[in-house]
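Only the coordinates and a few stated rules stand behind these numbers; no lab work does. Quick caveat: nothing in here was measured; it's all calculated off a predicted structure. Neighbour counts are summed over all protein chains in view; Cβ atoms, including those assigned to glycine, are modelled from backbone coordinates with ideal geometry.
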Amino acid sequence: MNFEDFYDNIAGNLNLLDVIEGFVHGLVYGDFGYQIILRRVDKGGSHRMSDAIKILKSYGVNAFWFGFDSQKMYFRVKKRQARWAEYVLLHAGVELLNPAFDHRNAGYAANHAPGWMPRPWSARSAPEEADAGKRTQADHVEQVPKKGLLGWLDSL
């Protein structure tokens, strides 16, 4: 192990701001998430963490609780979005080192041509958006505002 690897192993564990930020997000979401692990590009990985997060963000998945060590990069997504996040990342060709959340996702990615990506929700056509708005109004259930610490954190 060289000095850079040794330093990254220590610095990654001392990354307290991201740990605190991740813990706060976990409290706000009510979900401490599912950890996604990527190999670092300088250690043979195919994608930077910022690339993977950008891909996920375009599909409506937010990442939080970032970390790293000498070989890997870590981040979390909400557990209720983990299946979709894994599906999208596998289609994008991102090498995942974490245990599969849904073993079917690898098969789904293998059944499509390389480079094929599902259409993001943000890329819907105007008529579909109008229909979605009508459905949303018909299915609308009034939400009770959050109170206390979670309500305050959610307003930030």
Discussion item. Can you give me the long-range amide H partners of Glu95? Hydrogens built in the peptide plane at 1.01 Å from N, cutoff under 5 Å, separation of 5 or more residues or another chain.
Written reply: Ser46, His47
Practice prompt. Going by C-beta contacts inside 10 Å, put His91, His112 in order with the fewest on the left.
Written response: His112, His91
Worksheet item: Can you give the percent of C-alpha pairs in the range 3-121 whose distance is more than 21 Å?
Response: 39 percent
Item to complete: Kindly state, to the nearest 0.05, the FRET efficiency for Trp121 paired with Met1, given R0 = 41 Å and r defined as their beta-carbon distance.
Response: 0.40
